[in-house]
Amino acid sequence: MAAAGRKNGIASDVRVKELVQRIEKLKKEMRAIILAHYYTLPEIQDVADIVGDSLALARAAESTDADVIVFAGVYFMGETASILNPDKLVLMPDNHAGCPLADSCPTQEFRAFKAKHPGAVVISYINSTAEIKAESDIICTSSNAERIVRQIPPDKDIIFGPDRNLGSYVMKKLEREMILWQGYCYVHEAFDWQVIKKAVDANPGAELIAHPECREQVLEHADFIGSTSGLLKYAEQSSASIFIVATEPGILYEMQKRSPEKTFVPAPKDALHPWSTCTQMKQNTLEKLLECMENRAPRIVVEESLRQAALRPIRRMLEMS
Ligand code: 13P
Ligand code: SF4
């Protein structure tokens with residue numbers, strides 16, 4: 001469905017106000033909490049109770065006493081919330097908003113990959129399916145990956161998936177080998193240092209800040225590398241006044257809100273890969289948010305034995321981070 005009230009990417013104030021009023025009313029009636037990722041549209045972030053990175057959102061889903069969780073993000077996020085809360089109603093505005101990185105790791109192939117390295121500890125990025133989580137020993141996010149890998153005894157082999165860029169980044173940081181699944185996020189893979197360099201050169205004094213899902217050739221030039229919440233915190237605290245931001249540009253909305261006096265430039269993309277936005281995150285519109293609350297659907301449910309198996313490594317992550 002096209003986003004009503006959105007013209008050339010700008011939502012009309014009247015339509016937005018009406019939708020927000022209806023969402024707020026339903027939220028009270030349903031005792032619902034709305035969780036949203038920093039990559040979602042500004043109007044979604046505005047209506048959310050909590051906007052966060054993957055770890056903060058998983059924690060919020062774990063600790064909420066709301067009856068209903070409405071998750072504006074991508075499928076693995078709603079699925080994680082449902083795994084943590086089997087007795088709550090977990091809704092998503094669009095359950096077709098998947099994460100191509102998570103989908104790049106099919107279960108059968110991952111099992112075969114694991115079988116080649118018996119005895120290895122399997123650490124999976126939260127951007128993975130419930131089936132892959134169930135195949136894992138520990139889950140991690142971009143904000144705790146380093147901390148979790150650090151806790152694995154040095155004599156143990158580690159399989160890390162599905163994001164090879166986050167895996168390489170942690171390997172380099174900790175000077176420790178890991179066996180990497182070769183998945184990547186198309187949004188972050190699109191950034192190229194030679195293209196970004198032009199923006200850095202054109203903005204004297206600018207700092208390059210990057211998400212660890214970016215390629216190594218970008219990360220090695222970054223002044224700061226962090227999860228979405230890490231990037232936000234750094235940009236707020238840094239004395240620099242201009243930042244080239246190498247991650248999904250939805251984050252600029254919160255960055256600018258926290259530091260209105262600073263300038264944030266979205267990192268330009270590689271000409272060969274004409275995307276730097278996450279299409280899937282943008283599938284969450286106000287219309288669909290309202291609709292899912294009105295219809296109490298689509299609901300995210302994970303089959304019980306799979307849920308139990310996927311819950312174990314998520315709980316380990318929450319304990320270890
Ligand atoms: P974080 O918000 O945890 O850094 O993750 C980024 C991301 O790509 C979410 O899909
Ligand atoms: Fe997945 Fe990349 Fe979108 Fe994050 S930004 S949800 S990793 S496709």
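The values are calculated or read from the model by the stated rules, or taken from the named source; none is laboratory data. Everything quoted here is computed from the prediction, not taken from an experiment. Positions of Cβ are backbone-derived with ideal geometry, glycine not excepted, and every protein chain shown enters the neighbour counts.
Being buried (at least 23 other Cβ atoms within 10 Å of the Cβ), assigned to a strand (DSSP E or B) and among the small types (Gly, Ala, Ser) is true of ALA36.
Scanning region 263-313 for residues that are β-branched (Val, Ile, Thr) and more than 28 Å from PRO249 (Cα to Cα) returns VAL301, VAL302. Within region 39-49, can one find any residue that is part of a loop (DSSP other than H, G, I, E, B), within 16 Å of ligand 2 (Cβ to nearest atom) and among the aromatic types (Phe, Trp, Tyr)? Checked region 39-49: at least one residue is part of a loop (DSSP other than H, G, I, E, B), within 16 Å of ligand 2 (Cβ to nearest atom) and among the aromatic types (Phe, Trp, Tyr).
Of the residues making up region 60-83, not a single one is in contact with a Pro (Cβ under 8 Å, 6 or more places away or on another chain), within 13 Å of ligand 1 (Cβ to nearest atom) and part of a helix (DSSP H, G or I). Filtered by the rule that a residue be without any contact (Cβ under 8 Å) to a residue 40 or more places away in the chain and either among the β-branched types (Val, Ile, Thr) or buried (at least 24 other Cβ atoms within 10 Å of the Cβ) (or both), region 189-217 gives a lone residue, ILE209.
For region 127-150, filtered to residues that are polar (S, T, N, Q) and within 17 Å of the chain's Cα centre (by Cα), the residue that is farthest from GLU175 (Cα to Cα) is THR129.
Of everything in region 1-25 that is polar (S, T, N, Q) and part of a loop (DSSP other than H, G, I, E, B), the residue that is modelled with the lowest pLDDT is ASN8. The condition (being among the aromatic types (Phe, Trp, Tyr) and within 16 Å of ASN127 (Cβ to Cβ)) is satisfied by just one residue among PHE113, PHE76: PHE76.
Apart from one condition, PRO204 fits all of (1) under 21 Å from the mean Cα position of the chain (by Cα); (2) not in a helix (DSSP H, G or I); (3) not β-branched (Val, Ile, Thr); the exception is (1). Do you know which residues across region 181-201 are under 23 Å from the mean Cα position of the chain (by Cα) and either of a type outside the set (A, V, I, L, M, F, W, C) or part of a loop (DSSP other than H, G, I, E, B) (or both)? Those that are under 23 Å from the mean Cα position of the chain (by Cα) and either of a type outside the set (A, V, I, L, M, F, W, C) or part of a loop (DSSP other than H, G, I, E, B) (or both): TRP181, GLN182, GLY183, TYR184, CYS185, TYR186, HIS188, GLU189, ALA190, PHE191, ASP192. Taken over region 191-242, the criterion of being among the aromatic types (Phe, Trp, Tyr) and more than 16 Å from ligand 1 (Cβ to nearest atom) is satisfied by TRP193 alone.
Considering (1) free of Cβ contacts under 8 Å to residues at least 12 places away in the same chain; (2) within 16 Å of ligand 2 (Cβ to nearest atom), the lone condition that MET92 does not fulfil carries the number (1).
LEU55 meets the conditions (1) in contact with a Leu (Cβ under 8 Å, 6 or more places away or on another chain); (2) modelled with pLDDT under 95 in every case but one. The failed one is (1).
Among the residues making up region 269-300, those that are within 16 Å of ligand 2 (Cβ to nearest atom) and at pLDDT below 95 are LYS269, ASP270, HIS273, PRO274, TRP275, SER276, THR277.
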